[in-house]
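Asks: The structure under discussion is supplied below as structure tokens; questions concerning it will follow.
Values quoted throughout were computed directly from the atomic coordinates according to the rules given, and no laboratory measurement underlies them. Predicted, not measured: the structure shown is a model, and the values here were computed from it. Cβ placement follows ideal geometry from the backbone for every residue including glycine, while neighbour counts extend to all protein chains displayed.
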Amino acid sequence: MVIKPRLKGGLALTNHPIGAKEFVKRQIDYVKSQDKYEGPKKVLIIGSSSGYGLATRISLAFGAGAETIGVAFEKGVEGKRVGSAGWWNTIAFNEAAEKEDLVSKNFIGDAFSMEMKDDVIKFIKEEFGGKIDLLIYSLASGVRTDPIDGATYRSALKSTTKEITGPTINFEKETMEETTMGVATPEEIKSTVKVMGGEDWKLWIEALDKGGVLSEGFKTVAYSYLGPKVTYGIYKEGTIGAAKRDLEHTSDILNDFLKEKYNGEAYVSLSKALMTRASAVIPIFPLYAALLYKVMKEKGIHEGTIEQKHRLLTQMVYGNNPVIDEERRLRPDNWEMREDVQEEVEALWDKVTPENFKQISDYAGAREEFMQLNGFDFDNVDYNADVDLDELAKLVP
Ligand code: NAD
Ligand code: NA
């Protein structure tokens, strides 16, 4: 079968398993081109199969020699359906890790469930040396079933202040178009906090603590985004912003607990804007990212997913140059948020039109990044070659 890209707005309906291998390989190559670092030895990554979680796993394994457990929600081959990008990323990671004798174990399923927590803890106890040094929380999900009351909550990408209309990029049609974000009801705000806030992160830490699998000096970091003025309406002042504030509040509770019991730490890290499966569907965000890339590339300070996470880990979490704000958040988004960067992005934002957006933004770069997330647009992958789905279906993460 020959696999071609098919898009719907900011969603990719197909992905390329051979391209996924290249996607993972390039990130590994980057880490190997950098110095090795002293980091954690045993790591659990929740949301390990794509975006920031995958990059973190690659940096820790190939940069610090960490053994990793990944939890992700992905699908394999079903009939003529090729499976999800994160499924293939995980298989590619495993293959590369195995070649270097790096232990990697995967749990594919719902991280929000108690059953998943129990399974992971059992594995840590019986087969992973008994303890972990680091937990990375990098989930992006639209739905969560609360394991305590069994109710299912859906997140809403909405404003909490007023209806917002603004431009975004439609990758399917390759156009810039207006999007409107409605105002969330109190119920929708609550549901989004339930899905994307700190509750599940806390449940993980509580379960791991009860299971006795946290080491002395244990650290945990959850990933978040703040963003600049042009995205405030959709992000900071949106339902996602409300959820992220809850995550930050949780980090303080967890930090107090971990410090006391394990001499440990809990942080939220605010990362740079990037195209991922999660961010590509947030209104306005893709256009902001394309303008930001233009400015950051011109200044020589652009980072992709792997560069961003590698800097967070080597300089901040396991290094001596942490950038921390007054609210105790790690700030690898510091280059994105630089005043000169934001001034130039705002100037472009005022000028951008459906006619000129491909010229004045780094549309090509943002689109390439989006396509590569799904294994497409690599110059060294033959996309006309037949992909043997039956053979691939035998592989499991
Ligand atoms: P992503 O979509 O690439 O990754 C999400 C991960 O969560 C995947 O591994 C997926 O399998 C997993 N997942 C989703 N639902 C799950 C479930 N029920 N059980 C188990 N695993 C599940 O997203 P991303 O952009 O890497 O986002 C990760 C975090 O980084 C989010 O908290 C996001 O807010 C944050 N972040 C993203 C950006 C950005 O620009 N993309 C910027 C800053 C911070
Ligand atoms: Na992730």
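Asks: Check each of the trypsin sites (Lys or Arg not before Pro) in the range 155-197 and keep only those in coil by DSSP with at most 11 other C-beta atoms within 10 angstrom; list them in order. Don't skip to the answer; put the middle values down first.
Replies: Numbers: sites: Lys158, Lys162, Lys173, Lys190, Lys194; in loops: Lys158, Lys162, Lys173.
Here the sparse-neighbourhood loop sites are Lys162, Lys173.
Asks: Taking Cα atoms of the chain, Rg/Rh with Kirkwood Rh, to two decimals? If you can, show how the numbers build up before the last one.
Replies: Numbers: Rg = 20.3 Å, Rh = 21.5 Å.
Result for the chain is an Rg/Rh of 0.94.
Asks: Can I ask one more? With runs of 4+ DSSP H residues as the only contributors, calculate the mean residue ellipticity of the chain at 222 nm using -39,500 (n - 2.57) per run, divided by the residue total and rounded to the nearest 500.
Replies: It comes out at -12500 deg cm²/dmol, rounded to the nearest 500.
Asks: By the gyration tensor of its Cα atoms, with a ≥ b ≥ c the square roots of the eigenvalues, what is the shape of the range 330-397: rounded for a/c under 1.5, prolate for a/b over b/c, or oblate? Mind showing how you got there, number by number?
Replies: Values: a/c = 4.41, a/b = 2.00, b/c = 2.21.
The shape class here is oblate.
Asks: Per residue, what volume in Å³ does the Cα convex hull of the range 1-126 take up?
Replies: Numbers: hull volume 16.2 nm³, N = 126.
Dividing the Cα hull volume of the range 1-126 by its residue count gives 128 Å³.
Asks: Could I ask something else about it? If you average the sequence gap of Cα pairs under 8 Å that are 6 or more apart and divide by the length of the chain, what percent do you get for the contact order? Provide the component values of the computation, followed by the final result.
Replies: On the way: 755 pairs, mean separation 83.9, N = 397.
Averaging sequence separation for qualifying contacts and normalising by length gives 21 percent for the chain.
Asks: Next question. Nearest-5 percent of antiparallel DSSP beta bridges in the chain? Could you put the intermediate results ahead of the total?
Replies: Values: 15 of 42 bridges.
Counting only bridges with both partners in the chain, antiparallel ones make up about 35 percent.
Asks: OK, next. I want to verify a result. In a Gaussian network model of the chain, Cα cutoff 10 Å, which of these has the top mean-square fluctuation: Val341, Val268, Val193?
Replies: Largest GNM mean-square fluctuation: Val341.
Asks: Mind checking the dipole of the range 196-277: about its Cα centre, +1 per Lys or Arg Cβ, -1 per Asp or Glu Cβ, Debye to the nearest 20? Write down the numbers at each step before the final one.
Replies: On the way: 11 positive and 12 negative charges, 89 e Å.
Roughly 420 debye, rounded to the nearest 20.
Asks: Something else now. For the range 282-353, with only Lys/Arg (+1) and Asp/Glu (-1) charged at the beta-carbon, what is the dipole magnitude about the Cα centre, in debye rounded to 20? Working shown, then result.
Replies: On the way: 10 positive and 14 negative charges, 72 e Å.
Charge dipole, the range 282-353, about its Cα centre: 340 debye, nearest 20.
Asks: Report the full-extension gain for the segment Glu326 to Glu98: residue separation times 0.36 nm, less the Cα-Cα distance, to one decimal in nm. Could the numbers behind the result be given before it?
Replies: On the way: separation 228, 0.36 × 228 = 82.08 nm, distance 4.15 nm.
Extra length available between Glu326 and Glu98 comes to 77.9 nm.
Asks: Could you give the radius of gyration (one decimal) and Dmax (whole number) of the Cα atoms in the range 229-337, in Å?
Replies: In order Rg, Dmax, the Cα atoms of the range 229-337 give 15.2, 47 Å.
Asks: Would you list, by chain and number, the lysines whose Cα falls below 21 Å from the Cα of Lys236, excluding same-chain residues fewer than 8 positions away?
Replies: Cα-Cα hits under 21 Å: Lys158, Lys162, Lys190, Lys194, Lys244, Lys272.
Asks: OK, next. Can you say what percent of the DSSP beta bridges in the range 1-101, counting only those with both residues inside, are antiparallel? Round to 5.
Replies: Working: 3 of 8 bridges.
Looking only at bridges with both residues in the range 1-101, the antiparallel portion is about 40 percent.
Asks: Over the C-alpha atoms of the range 115-179, what are the Rg and the largest Cα-to-Cα span, Dmax, in Å?
Replies: 20.1, 53
Asks: Between Arg144, Arg154, Arg338, which gets the highest mean-square fluctuation from a Gaussian network model of the chain, Cα cutoff 10 Å?
Replies: Arg338
Asks: Can you give the charge dipole size of the range 1-90 about its Cα centre, rounded to the nearest 20 debye, using +1 on the beta carbon of Lys and Arg and -1 on the beta carbon of Asp and Glu? Let's see the in-between values first.
Replies: Values: 14 positive and 7 negative charges, 73 e Å.
Value, rounded to 20: 360 debye.
Asks: Among the GluC sites (Glu not before Pro) in the range 121-190, which ones are in a DSSP loop with at most 16 other Cβ atoms within 10 Å of the Cβ? Mind listing them?
Replies: Details: sites: Glu126, Glu127, Glu163, Glu172, Glu174, Glu177, Glu178, Glu187, Glu188; in loops: Glu163, Glu172, Glu174.
Passing both the DSSP loop test and the Cβ count: Glu163, Glu172, Glu174.
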